[in-house]
Amino acid sequence: MRKVRYGIMGTARIIDRFVGAVRASEKGEVHAIASRSHEKARKRADGLGIDIIYGSYEDLAKDPDLDVIYVPTINHAHKENAMLALENGKHVLVEKPMTLSEKDTRELFDYARKKNLFIMEAQKSIFLPVTNEVKRILHEQELGKVHLFDYNISIPEVGFRWFYDKKSGGGALYGSGNYILAHAMNLTEEKLIAHTGLATLSDEGVDLQCAFVLKSLGGALIQGKITTMVQADSVLRIFGEKGKIEIRDFWKAREAKVEIYGEPVRRISHPVEFEMVYEVDHVNACLEKGLYESPVMKSLYSMESAKITDDLWEDFLNA
Ligand SMILES: NC(=O)c1ccc[n+]([C@@H]2O[C@H](COP(=O)([O-])OP(=O)(O)OC[C@H]3O[C@@H](n4cnc5c(N)ncnc54)[C@H](OP(=O)(O)O)[C@@H]3O)[C@@H](O)[C@H]2O)c1
């Protein structure tokens, strides 16, 4: 069977892991890479063993042999870059956050639908075997009724400059809030009906840390705390009436700890080298089935996530 051919837009740090995942996937193949600078593309291609190189995103988008374009560019460029891929008839996997507003996210989905093309926000966490096992445990009510999800992300050493620029889509919420929102919507499968948030803003107006609380339709509270200011825990704790689950680095987790009170602690373990492989396998399967939208990482999640992010930014600025 012909492999699904991926083109990579940009030379971001994340692409090493993505290339590893495509190569580890059953049906994916890395076909080409582009940068706004031919030199940069050449260097990255040499390091990663990619044969076809383009010195512009436009040239990549026009490559007739490509199936999917992966868009891991700076956050504020996602919409324009994903649109370029769609305009040239390519399916798209766009890094999180899909765009910087609900309006732009909706426009991407609408345009992809009009062109009969697949588009998905890259949310690797919801494809992880650990996430799926935790979801099963929750749905089979092993913890009893779940009342509290406590998400914590700590990134004390942000190593890139655009993080500190709001227009580029920097900051804690754009950077990691979408991890929490998509993960929580996937686990609960419930609409998030209320939310409020606060942030510590830099002089340039970027949220260096933020905290928010959401309420699900079933009544559970979901709190998210993301900090780049101090070394804190990066852990998700889920509390039910009969027990709790703990997942370190939930967005790339290979392990989780399940404790049903009064019973021995149980460990879930799924070692893997490139955790994005499950997401890539899923995209390949969607394309094989001719789908234009993922039934797992639904457009609804991306749209809700973008809307809540818009609202939380209003909270941050009005506090
Ligand atoms: N899913 C995950 O596990 C995960 C993890 C980390 C990051 N991410 C996401 O992946 C994306 C990339 O993150 P990163 O930290 O790897 O980024 P990065 O290393 O800072 O690279 C960003 C890339 O964007 C391209 N770009 C396009 N327009 C640009 C502009 N106007 N200014 C600067 N760069 C521009 C550049 O490629 P060229 O110069 O080659 O054109 C650059 O290499 C982000 O959206 C981030 O949220 C996802």
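The values are calculated or read from the model by the stated rules, or taken from the named source; none is laboratory data. Computed from a predicted structure; not experimentally measured. Neighbour counts run over all protein chains shown; Cβ positions are idealised from the backbone, glycine included. These accessible areas exclude ligands, DNA and RNA; they are computed on the full protein's heavy atoms, side chains included. Shrake-Rupley method; radii C 1.70, N 1.55, O 1.52, S 1.80 Å.
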* Structure fact -> Looking across the stretch 77-118 at residues that are under 26 Å from SER25 (Cα atoms) and touching a His at 6+ places or on another chain (Cβ under 7 Å), the single one that is farthest from the ligand (Cβ to nearest atom) is LEU117
* Tally of residues being closer than 27 Å to ALA285 by Cβ and either away from the ligand (no atom under 11 Å from the Cβ) or among the charged types (D, E, K, R) (or both) across the stretch 34-58 -> 5
* To do: Would you mind telling me which numbered condition in (1) away from the ligand (no atom under 16 Å from the Cβ); (2) in a helix (DSSP H, G or I) ARG5 fails?
  => (2)
* To do: Tell me, yes or no, whether the stretch 17-33 has at least one residue that is farther than 22 Å from ASN284 by Cα, open to solvent by 10 Å² or more (accessible area, probe 1.4 Å) and within 12 Å of the ligand (Cβ to nearest atom).
  => no
* To do: Residues being within 17 Å of ALA182 (Cα to Cα), touching an Asp or Glu at 6+ places or on another chain (Cβ under 6 Å) and not acidic (Asp, Glu): count how many of those fall in the stretch 102-144.
  => 3
* How many residues, within the stretch 237-255, are surrounded by 20 or more Cβ atoms within 10 Å (Cβ to Cβ) and within 16 Å of the ligand (Cβ to nearest atom)? -> 4
* Residue identified as crowded, with 18+ Cβ neighbours inside 10 Å and farther than 25 Å from GLU95 by Cβ among VAL283, VAL258 -> VAL258
* Would you check if there is a residue in the stretch 261-272 being among the hydrophobic types (A, V, I, L, M, F, W, C) and assigned to a helix (DSSP H, G or I)? => no
* Number of positions in the stretch 174-220 that are part of a strand (DSSP E or B) and in contact with an Asp or Glu (Cβ under 9 Å, 6 or more places away or on another chain) -> 10
* Confirm whether TYR164 is within 21 Å of LEU138 (Cα to Cα), in the same structural domain as HIS147 (by TED's automatic domain parsing), in contact (Cβ under 8 Å) with a residue 24 or more places away in the chain and within 16 Å of the ligand (Cβ to nearest atom). => no
* Working carefully through the options PHE109, PHE149, find the one that is surrounded by 18 or more Cβ atoms within 10 Å (Cβ to Cβ) and not assigned by TED's automatic domain parsing to the domain that holds ILE238. => PHE109
* Structure fact -> Those residues of the stretch 82-106 that are open to solvent by 10 Å² or more (accessible area, probe 1.4 Å), without any contact (Cβ under 8 Å) to a residue 40 or more places away in the chain and not in a helix (DSSP H, G or I) come to a total of 2
